[in-house]
């Protein structure tokens with residue numbers, strides 16, 4: 001299972017382990033010192049034997065480069081915090097298609113709505129379902145019922161048990 005460290009931190013950990021292996025520390029000593037599993041340290045030992053400490057460097061990140069940079073991510077967060085109405089939508093509900101539309105309009109970058117969800121998660125946003133309430137809901141009547149009727153109903157139920 002992958003640890004939650006940055007690529008740089010993981011590389012530093014491998015380099016420390018590699019130096020210890022070159023100094024003839026045992027696999028178990030290295031594993032406990034750097035907080036890695038013994039199978040990982042054995043893999044690193046093989047890599048060091050074949051290619052030296054260079055073999056433990058972080059590999060270049062594969063995949064397509066992000067279409068939005070950090071500044072654009074920050075600008076997107078500000079747009080989202082301003083709310084859907086400020087972006088021209090009829091209600092206060094962000095959906096992935098709406099966010100995709102805002103990204104395309106603001107930055108000229110087209111995202112599929114299902115990918116927008118991944119982007120939002122990486123920005124620290126979570127899925128929230130709006131609370132649905134009836135238009136006819138009468139808060140005052142509900143408070144009165146809770147105060148007047150609910151204690152009586154609760155009391156009757158307790159005496160029957």
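Only the coordinates and a few stated rules stand behind these numbers; no lab work does. For clarity, every value in this text was computed on a predicted model and none was experimentally measured. Note: ideal-geometry Cβ built from the backbone for every residue, glycine included; neighbour counts use all protein chains shown.
Listing for the model above:
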{"read-out": "Förster radius 35 Å - calculated FRET efficiency between residue 138 and residue 89 (Cβ-Cβ, nearest 0.05)", "value": "0.75"}
{"read-out": "Segment 70-122 - percent relative contact order, Cα under 8 Å, separation 6 or more", "value": "24"}
{"read-out": "Footprinting exposure proxy for 32, 40 (fewest neighbouring C-beta atoms within 10 Å first)", "value": "32, 40"}
{"read-out": "Most mobile listed residue (21, 68, 120) in the chain, GNM with C-alpha springs under 10 Å", "value": "21"}
{"read-out": "Structure-based [θ]222 nm, the chain - -39500 (n - 2.57) summed over DSSP H runs of at least 4, per residue, nearest 500", "value": "-19000 deg cm²/dmol"}
{"read-out": "Förster radius 41 Å - calculated FRET efficiency between residue 74 and residue 54 (Cβ-Cβ, nearest 0.05)", "value": "0.70"}
{"read-out": "Nearest 10 degrees, 0 to 90: helix 38-51 Cα axis against the chain principal axis", "value": "50"}
{"read-out": "Selected from 35, 88, 108 as most flexible by GNM, with the chain as the system and alpha-carbon contacts under 10 Å", "value": "35"}
{"read-out": "Cubic angstrom per residue, convex hull over Cα atoms of segment 42-161", "value": "252"}
{"read-out": "Rotationally averaged projected area of segment 92-131 (alpha carbon convex hull; nm²)", "value": "3.0"}
{"read-out": "Packing-based exposure ordering (other Cβ within 10 Å, fewest first) of 81, 76", "value": "81, 76"}
{"read-out": "log10 of Debye I(q)/I(0), alpha-carbon scatterers only, for segment 70-122 at 0.12, 0.24 Å⁻¹", "value": "-0.22, -0.95"}
{"read-out": "Relative contact order, percent, segment 7-56 [alpha-carbon distance under 8 Å, six or more residues apart]", "value": "38"}
{"read-out": "Residues 78, 136 arranged by fewest to most Cβ contacts within 10 Å", "value": "136, 78"}
{"read-out": "Over segment 7-56, volume per residue of the alpha carbon convex hull, in Å³", "value": "60"}
{"read-out": "GNM flexibility winner over the chain from 50, 64, 118 (Cα, springs under 10 Å)", "value": "50"}
{"read-out": "Pairwise FRET efficiency - residue 147 versus residue 115, Cβ, R0 = 45 Å, nearest 0.05", "value": "0.35"}
{"read-out": "Rounded tilt (10° steps) of 113-122 against the dominant C-alpha axis of the chain", "value": "70"}
{"read-out": "The chain: angle of helix 139-160 to the longest principal axis, Cα-based, in degrees nearest 10", "value": "80"}
{"read-out": "In nm, spacing of pseudo-spin labels at residue 127 and residue 107 (7 Å Cα→C-beta vector)", "value": "2.2"}
